[in-house]
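Engineer: Got a structure here, written out as structure tokens. Questions coming.
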Amino acid sequence: MPVVRPRRSVLYMPGANTRALEKARTLPADALIFDLEDAVAPDAKEAARANVVAAAKSRGYGKREIAIRCNGLGTAWGKEDVAAIAGSGADAILVPKVESAADVAAIVSLLDAAGAPASMAVWAMMETPKGILRAEEVAGAHRRLTLFVMGTNDLVKDMRARHTPMRLPMITALGLGMLAARAHGLTILDGVYNDIQDTDGFKDVCRQGLEMGFDGKTLIHPSQVEPCNAIFAPSEGELAMAGKIVTAFKAAQAEGKGVVTVDGRMIENLHVEQAERALAMAAAIKELQAA
């Protein structure tokens, strides 16, 4: 089984706000995105770049995964952002408005030219109609690309749609992103929830994302971290059943059987794979929380 890494809660932190970057050291988010794009005013872009590079280099965030979102390559700051991120020690670079394999190739070329380590991943924001329609092309573009982030705010804007409680205007885009990601073995994160006061609405959308298959959710406020972690983690009941399934299947295999019944359910290999993933995720979460 591939290495399982928790990405239940992935919190954006504004790169121009050094206080926020410091506070992020204590937050229980699985991963952090230091943002140089939407959260930073034009006159603060260069200072923010220096802030986030210093923060990433500090190694002060425990085992949390660190990504840095650059400005688009078509902006005045994009290429310098990529060069700086390449040497920052961050785990990944998050690239806005990716729309083609050529966009991925351009980022990879810049990272390679700047000496980025082979371990630095590319994460792609999927947030335009063109990007969604080319999601399969993007997902298979390069081995550095490991993760999709759904940019639902930009998608709603470009589609001239509306934010609705169950996100029906978004379902097609979310599904296409999900299918492309899974076809190429990528992680995929759901978009942000804008109303930080609406805790019940937030939890409902987290559950919807979990049911659709998302690995976790991008967040805009620290108050969203703990409920998101709880919803995207395997429940106690799921883990108890997973343990039963794995134990029963091993016993059946020892007897030369390929199928077994657990609590009245017929269990096959695919159920065992799901159970093993749930158990591995729980172990990975426990290790991350202990850091």
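Bear in mind that the values in this text are calculations on the coordinates, not laboratory data. These figures come from a predicted structure and were not determined experimentally. Don't worry about glycine lacking a Cβ; one is built from the backbone with ideal geometry, like all the others, and counts go over all protein chains shown.
Engineer: What is the sum of charges, Lys and Arg at +1 and Asp and Glu at -1, for the other residues whose Cβ falls under 15 Å from the Cβ of residue 26? All intermediate terms of the calculation are to be shown ahead of the outcome.
Structural biologist: Numbers: positive: 19, 23, 25, 63, 64; negative: 22, 30, 226.
After counting each charged neighbour, the total is +2.
Engineer: Just how many % of Cα pairs in segment 9-232 lie over 21 Å apart, if you round to the nearest whole percent?
Structural biologist: Value for segment 9-232: 52 percent of Cα pairs lie more than 21 Å apart.
Engineer: Same structure again: By average Cβ neighbour count within 10 Å, what is the ranking of 253-262, 50-59, 145-154 from highest down?
Structural biologist: Peptide ranking by packing, descending: 145-154, 50-59, 253-262.
Engineer: Based on the Cβ-Cβ distance from residue 212 to residue 75, what FRET efficiency comes out when R0 is 30 Å, to the nearest 0.05? Walk me through the intermediate numbers first.
Structural biologist: Values: r = 32 Å, r/R0 = 1.06.
Working from the Cβ atoms, E equals 0.40.
Engineer: So what's the angle, to the nearest 10 degrees on a 0 to 90 scale, between helix 269-290 and the longest Cα principal axis of the chain?
Structural biologist: Approximately 50 degrees, to the nearest ten.
Engineer: In debye, nearest 20, what is the charge dipole magnitude of the chain about its Cα centre with +1 on Lys and Arg Cβ and -1 on Asp and Glu Cβ, if you could check? Don't skip to the answer; put the middle values down first.
Structural biologist: Numbers: 33 positive and 35 negative charges, 73 e Å.
Around 360 debye, computed over the chain.
Engineer: Positive end of the charge dipole of the chain (Lys, Arg +1 and Asp, Glu -1 on Cβ, about the Cα centre): tell me which of 272, 199, 155 has its Cα farthest that way.
Structural biologist: Comparing the listed Cα positions along the dipole, 272 ranks first.
Engineer: Remind me, relative contact order of the chain in percent, using alpha carbon pairs under 8 angstrom and six or more residues apart?
Structural biologist: 17
Engineer: Quick one: check the C-alpha center-to-center distance for segment 164-225 versus segment 29-100, whole angstrom.
Structural biologist: Comparing the Cα centres of segment 164-225 and segment 29-100, I get a distance of 22 Å.
Engineer: Please work out the Cα center distance from segment 131-162 to segment 243-291, rounded to the nearest Å.
Structural biologist: For segment 131-162 versus segment 243-291, the Cα centre distance is 33 Å.
Engineer: Report, for the chain, the % of DSSP beta bridges that are antiparallel, rounded to 5.
Structural biologist: 10
Engineer: Follow-up. Segment 1-138: D in µm²/s via Stokes-Einstein (Kirkwood Rh, Cα pairs, 20 °C, 1.002 mPa s)?
Structural biologist: 141
Engineer: At a Cα cut-off below 24 Å, give the lysines reachable from residue 130, other chains included and same-chain residues fewer than 8 away excluded.
Structural biologist: Filter leaves 79, 97, 157, 217.
Engineer: A follow-up question, please. Would you please give the residues with an amide H less than 5 Å from that of residue 145, counting only those at least 5 places away or on a separate chain, with H modeled from the backbone geometry?
Structural biologist: The list, which skips near neighbours in sequence, is 122.
Engineer: Net charge near residue 260: determine it from the other residues with C-beta under 14 Å of the C-beta of residue 260, scoring Lys and Arg +1 and Asp and Glu -1.
Structural biologist: +1
Engineer: Further question on the same structure: Just to confirm a number: summing +1 for Lys and Arg and -1 for Asp and Glu over residues other than residue 226 whose beta-carbon lies under 13 angstrom from that of residue 226, what do you get?
Structural biologist: Local net charge: +2.
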